Amino acid sequence: MRLCSLYRPSAVAAALLAVGSLVLPSRAAAQATGGVSGTVTRADDGSVLAGVVIRVNGTQITASSTPNGKYVLQRIPIGAQTLVFRWVGYAPKEVAVNITAGGMATVDVKLEPMPVTLAEVVVSGASRAPERVTEAPAAITQVDPRALTTASINGQAPLALRNVPGIDIAQSGLNDFNVNARGFNSTLNRRVLVLQDGRDLAIAFLGAQEWNTLTQPTEDISKMEFVSGPGSALYGANAFSGVLDITTPTAREVTGTKVTVGGGFLGGPSTGWNNGSPASYRADIRQAGVFSQGRFGYRVNLGWSSSDTWTRSRTLKDGTALQQEYADATDSLVAKASAERRALSGQTIDPTTGEALGDRDPVKTMYGSGRLDYYLADGSVLTAEGGAAKVENEVFVTGIGRVQVTNATRPWGRLNWASTGFSVMAYWNGRRTSDPQYSLASGAPLLEHADIYHVEGQGNATFSDGRGKFVYGGSLRNTRLNTDSTLMLAKNDDRSDYMYAAFAQFSWKLSDIARMVLAARYDLGSLIDPQFSPKAALILTPKPNQSIRFTINHAFQTPNYSEYFLRAQAGIADLSTLEAGLRASPLGPALAGVPNGQLFACTTYTSCAATSALTPIVARGNNKLGVEKNTGFEIGYKGDLTRRVYLSADLYYNLLSNFVTDLLPGVNSAFKFWTSPTAVPAPFRPALEATVKSQLLAGNRTAGLGLSREETGNTAIVVSYANAGSAKQWGADIGAGWQISEEFGANATLAMFNYSVNTDEIAAGDKVLANTPKWRTVLSFSYAGRQGFDAGLSYRYSSAFPWAAGVFNGWIDPGHNIDGNVGYKINNNFKVFMTGTNLFNHQWFSVYGGSVTGRRVMGGATATF
């Protein structure tokens, strides 16, 4: 474990002061302000347009048109200003207006319907600053707002990413998703950094996402962008394969009240359900407004959902539970698996057969969040917000098997000061296991009390008449974690770790068509060696709506706390037969001093006793791990081929090194092979140990390599982590769109992926697989009519591939799903809708060891006032 004397309170205070001085320019005195209001309509028929985003150019002042097309902008600095009106499917429009002190100007605007052109799409995620998507120094996609609305009723934010080129969405439960890009998936994927308003949403202990803990529905997200490829040059650790950047609206962008309610059902296998078609319900409410003459704005979100789940108990004593669960989902061989020792919440276990009895408890989520904005006279915004989500009974797949979160709370808070030239932010993320979460394999209760404190500042500047741009900043993070010794040894538990970082990006316009971008970041932390992450890009824009990009960049991924310090029971092995055979062999007399049945005894864990029949399989971390690294080379094209057709294509080649292995036996040098009890006479010990190892290797490789003794001296089969292996990966992500007419549109994505692994560097017994299909494609069609009717249909396909991650190893068959949605806007204030995923109930699992998913259909209504 790497420690640094830099981490002390005085250093923290100094870092905070440094960040502040870096990005906080002196503020001007209070300014006089005015306002503007008006109505936004459609140019050809005069119908009002709701949801149009209006921004005062060069400021943070924004608003959205209400259901009756009205908008109001207040606290605008006096003088000449430019209003920018933008909405999907309409040509952006700029309007000049003169703002007078205390006055309220009127600007009514008519927007012309037109296909979306890439030159008009503005993104922020690639450079941490606004820029046209065709000028971004990375492969970046802005998610269609209609996709956010469609996915909202399910409460499954990753589904909004289905049409993003190169995205691999693997679902292993109702809300357990792995969102990955460009290969090398796992049971708990954290190679994509997920941010909401700059706040890292990952769990402290595992570094992965809990997608059902978002405290706003996806329809209340103002923007979602996905940056593909290594991104550590600006975002640091774990931006290994990409960055998902989520932005929520300020209070004045969503003034009014919105209520959404819905319900539906899940479709499952033809057998095995106790209660027919399981039901799902969801309700969300949002209230937002401004007061004190536009100086303040507030936004409150509340929500609740309850649903049955596709997840099933796997407690059958004969080990056939996984075979039975997967019977309708695959024609491939499914091996028997060790019986889980705990059933899902709400069920009991038949003591004779191990069958789970009774109905599963539903998966529930409750959330609430509040935001208060103060709009300064210079156009900047001060924000204080916070919230919490409570989740019950979700199951997610980990390296030690499945874990059920019976009752956990995710509180958070955030402070932010944002202007066009700088931003300063501080946030806190917490996680509390109100009731223990349980390892279903061992039945062990697992606790987590975690807090992440983060502060960062960023400055943006332009110079030489806009030819040059500079983005710079720094951050400090403190993570505090306590598992009450349920997931870590006491000496490693109740810990506090720091991470410091500084970053910068410089871009320069070389000519009218060429721009160069250089970026770098330096990260230093309690648990890792210093990391330097460079990036270089050349962007050619022969036309405003077309670009060619060449990029070289680097990323790293830190081991999570589980990989460093884990100590948890992953199962039970019965070594009583081996002991009996040894006692009957010529070595039998040497065991006379060892009580019968206790040669491989353990007393450390709650589910083991002093008997060889209950020898624990223990997952242990490795605090000697180094970071994984990724160096990427990319060529990308993005452009409008015609007024109605666009194309994006990205070719990539990545060099990956220093893989952290899955949980494996014998790879951690801290755990040598098992030694004989002291009751065995010394001359017989080498022969006994050699015989034990050879006998185990002949029938159980994990036990043969992993049988060891922990620090307590108790026997255990230890599986752990190590750095081993390197790989190359290459592929292409292609996306295309065709606006067939004003009402009809079509989109297609194709992802092609391949890889090779240097097998000479792999640890014994490891399987380094990408866990990614070689082919994935999505075809989608949409309709949006003037009469208020809209509809969508999409088809998703992925090729078959092998899977190996943690305790789960197997084959995943080809997957094909058809999703659809319909909606009808009765009037400007009321809409009814229905959305369905996997409409034909194709039984499939996309994570080996995860649940078999089926159809889900939800209908509902939204009212806005």
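The values are calculated or read from the model by the stated rules, or taken from the named source; none is laboratory data. Being a predicted model, the structure only gives us computed values, none of them experimental. Neighbour counts are summed over all protein chains in view; Cβ atoms, including those assigned to glycine, are modelled from backbone coordinates with ideal geometry.
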By residue number, the members of the range 30-47 that are touching a Pro at 6+ places or on another chain (Cβ under 8 Å) and of a type in the set (Val, Ile, Thr) are THR33
Filtered residues of the range 669-709 (kept if more than 46 Å from the chain's Cα centre (by Cα), of a type outside the set (Gly, Ala, Ser) and not in a loop (DSSP other than H, G, I, E, B)):
PRO683, PHE684, ARG685, PRO686, LEU688, THR691
Of these, THR187, THR134, THR141, THR150, which one is among the β-branched types (Val, Ile, Thr), more than 28 Å from PRO814 (Cα to Cα) and touching a residue at least 60 places away in the same chain (Cβ under 8 Å)?
THR134
For the range 140-165: of the residues being in a loop (DSSP other than H, G, I, E, B) and within 15 Å of the chain's Cα centre (by Cα), which is farthest from SER305 (Cα to Cα)?
VAL164
Inspect the range 345-362 for any residue being at negative phi, in a strand (DSSP E or B), surrounded by fewer than 19 Cβ atoms within 10 Å (Cβ to Cβ) and in contact (Cβ under 8 Å) with a residue 60 or more places away in the chain and give the result as yes or no.
no
Would you check which residues across the range 153-189 are under 29 Å from ALA861 (Cα atoms), among the charged types (D, E, K, R) and buried (at least 24 other Cβ atoms within 10 Å of the Cβ) and list them?
ASP176
So ASP760 fits all but one of (1) part of a strand (DSSP E or B); (2) surrounded by fewer than 17 Cβ atoms within 10 Å (Cβ to Cβ); (3) acidic (Asp, Glu); what number is the exception?
(1)
Please go through (1) β-branched (Val, Ile, Thr); (2) touching a Lys or Arg at 6+ places or on another chain (Cβ under 8 Å); (3) under 22 Å from SER232 (Cα atoms) for VAL627 and return the number of the only condition it doesn't satisfy.
(2)
Closer than 27 Å to ASN407 by Cβ, assigned to a loop (DSSP other than H, G, I, E, B) and either in contact (Cβ under 8 Å) with a residue 40 or more places away in the chain or of a type in the set (Phe, Trp, Tyr) (or both), is that true of THR215?
yes
How about the range 412-465: which of its residues are charged (D, E, K, R), over 21 Å from VAL397 (Cα atoms) and either touching a helix residue (DSSP H, G or I) at 6+ places or on another chain (Cβ under 6 Å) or not in a strand (DSSP E or B) (or both)?
ASP465
Assess whether LEU656 counts as being under 18 Å from TRP730 (Cβ atoms), within 28 Å of the chain's Cα centre (by Cα) and either crowded, with 19+ Cβ neighbours inside 10 Å or not assigned by TED's automatic domain parsing to the domain that holds LYS728 (or both).
yes
Per the list (1) under 27 Å from LEU489 (Cα atoms); (2) among the β-branched types (Val, Ile, Thr); (3) out of contact with any Leu (no Cβ under 6 Å at 6 or more places or on another chain), residue check on ILE572 breaks on (3)
Answer residue from the range 442-468, given it is of a type in the set (D, E, K, R) and surrounded by fewer than 17 Cβ atoms within 10 Å (Cβ to Cβ) and is nearest to GLY571 (Cα to Cα) among those
ARG467
Candidate set from the range 318-336 (those that are in a loop (DSSP other than H, G, I, E, B), touching a strand residue (DSSP E or B) at 6+ places or on another chain (Cβ under 9 Å) and not aliphatic (A, V, I, L, M)); member that is nearest to PRO814 (Cα to Cα)
THR330
Under 9 Å between Cβ atoms, which residue pairs at least 6 apart in sequence (or on different chains) link something in the range 413-427 that is within 16 Å of ARG477 (Cα to Cα) and in contact (Cβ under 8 Å) with a residue 60 or more places away in the chain with a partner that is among the hydrophobic types (A, V, I, L, M, F, W, C) and not in a strand (DSSP E or B)?
VAL424/VAL19; VAL424/VAL23; VAL424/LEU24
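Residues checked against (1) buried (at least 21 other Cβ atoms within 10 Å of the Cβ); (2) in contact (Cβ under 8 Å) with a residue 40 or more places away in the chain; (3) of a type outside the set (Val, Ile, Thr):
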{"site": "ALA800", "(1), (2), (3)": "no, no, yes"}
{"site": "ASP813", "(1), (2), (3)": "no, yes, yes"}
{"site": "LYS825", "(1), (2), (3)": "no, no, yes"}
{"site": "VAL832", "(1), (2), (3)": "no, no, no"}
{"site": "ASN841", "(1), (2), (3)": "no, yes, yes"}
{"site": "ALA861", "(1), (2), (3)": "no, yes, yes"}
Spans of strands (runs of 3 or more DSSP E) in the range 45-139 with at least 2 residues buried (at least 17 other Cβ atoms within 10 Å of the Cβ) and of a type in the set (Ser, Thr, Tyr):
62-64
Can you tell me which condition MET425 does not meet? The list is (1) over 25 Å from LEU201 (Cα atoms); (2) among the hydrophobic types (A, V, I, L, M, F, W, C); (3) modelled with pLDDT of 95 or more; (4) within 29 Å of the chain's Cα centre (by Cα), and all the others hold.
(1)
Kindly list the number of the only condition in (1) touching a residue at least 12 places away in the same chain (Cβ under 8 Å); (2) among the polar types (S, T, N, Q); (3) under 30 Å from TYR848 (Cα atoms) that fails for SER369.
(3)
Exactly one condition in (1) outside any strand (DSSP E or B); (2) at pLDDT 95 or above; (3) of a type in the set (D, E, K, R) is not met by ASP733; state its number.
(1)
Hey, can you tell me all the residues within the range 483-516 that are more than 30 Å from PHE550 (Cα to Cα), surrounded by 17 or more Cβ atoms within 10 Å (Cβ to Cβ) and touching an Asp or Glu at 6+ places or on another chain (Cβ under 6 Å)?
THR483
Suppose we filter the range 503-526 for residues that are touching a residue at least 24 places away in the same chain (Cβ under 8 Å) and farther than 21 Å from VAL627 by Cα; how many remain?
10
Quick check, is ASN754 modelled with pLDDT of 90 or more, in contact with a helix residue (DSSP H, G or I) (Cβ under 8 Å, 6 or more places away or on another chain) and not in a loop (DSSP other than H, G, I, E, B)?
no
